[in-house]
1. Given the options Leu63, Leu100, Leu52, which has the most mean-square fluctuation in a GNM of the chain, springs set between C-alpha atoms less than 10 angstrom apart?
2. Could you tell me what a quarter of the Cα convex hull surface of segment 1-55 works out to, in nm² with one decimal place?
3. Could you list the GluC sites (Glu not before Pro) in segment 31-113 that lie in coil according to DSSP, counting only those with at most 12 other Cβ atoms within 10 Å of their Cβ?
4. Got a sec? Charge dipole of the chain, +1 on Cβ for Lys and Arg, -1 for Asp and Glu; which of His36, Val49, Gly113 is way out at the positive end?
5. Using the charge dipole of the chain (Lys, Arg: +1 at Cβ; Asp, Glu: -1 at Cβ; taken about the Cα centre), state which of Leu4, Pro14, Leu83 has its Cα farthest towards the positive end.
6. Cα axis of helix 57-74 to longest principal axis of the chain: angle in degrees, 0 to 90, nearest 10?
7. Name the residue, out of His97, His37, His45, whose mean-square fluctuation peaks in a Gaussian network model built on the chain with Cα pairs under 10 Å.
8. For a bin width of 10 Å, list the pair-distance distribution of segment 50-113 built from all Cα-Cα distances, rounded to whole %.
Amino acid sequence: MDCLFCKIAGGDIPGDIVHQDDEVVAFRDIAPQAPHHIVIIPRRHIATVNDLDEASHALVGRLFLVARNIAAELGVAEDGYRLVMNCNSHGGQTVFHIHLHLLAGRAMGWPPG
Ligand code: AMP
Ligand code: ZN
């Protein structure tokens, strides 16, 4: 499958990986939007949030647990951080393999652009 994030998860394209296990891989975003910007993905290819189903709901929960653990490791849990998952064009999704953005290290604005 011609998917950038599947290739990073599979080791075919290098990534600055900060966590990996049987189900989830996390790596530093190539164009960071905050002092810490980590992308957390399932190894399983799921294109968008619209493609989630009952079989994938536990996997989505794992993405959040990994995000929580990385935030603690980065030392940003107390100050806080933002978790974002973009969907399709209006959501600003550019890579069609679901991913949770972990943004931290500065105060975030609201509403997002
Ligand atoms: P989104 O716009 O929500 O689909 O997020 C895709 C993210 O992937 C963007 O923040 C990109 O900067 C990031 N990205 C694209 N290519 C790479 C790459 N090779 N390694 C790490 N992050 C990437
Ligand atoms: Zn993929």
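1. Leu52
2. If you wrap the Cα atoms of segment 1-55 in a convex hull and average its projections, you get 4.6 nm².
3. Here the GluC sites (Glu not before Pro) that fit, given the DSSP loop and packing criteria, are Glu78.
4. Among His36, Val49, Gly113, the one farthest towards the positive end of the dipole of the chain is Gly113.
5. The listed residue farthest towards the positive side: Leu83.
6. 40
7. His45
8. Here the calculated profile for segment 50-113 is 18, 44, 33, 4.
FYI, it's all coordinate maths here, none of it is from the lab. Being a predicted model, the structure only gives us computed values, none of them experimental. Methodologically, a virtual Cβ is constructed for each residue, glycine included, from the backbone with ideal geometry; neighbour enumeration extends over all protein chains shown.
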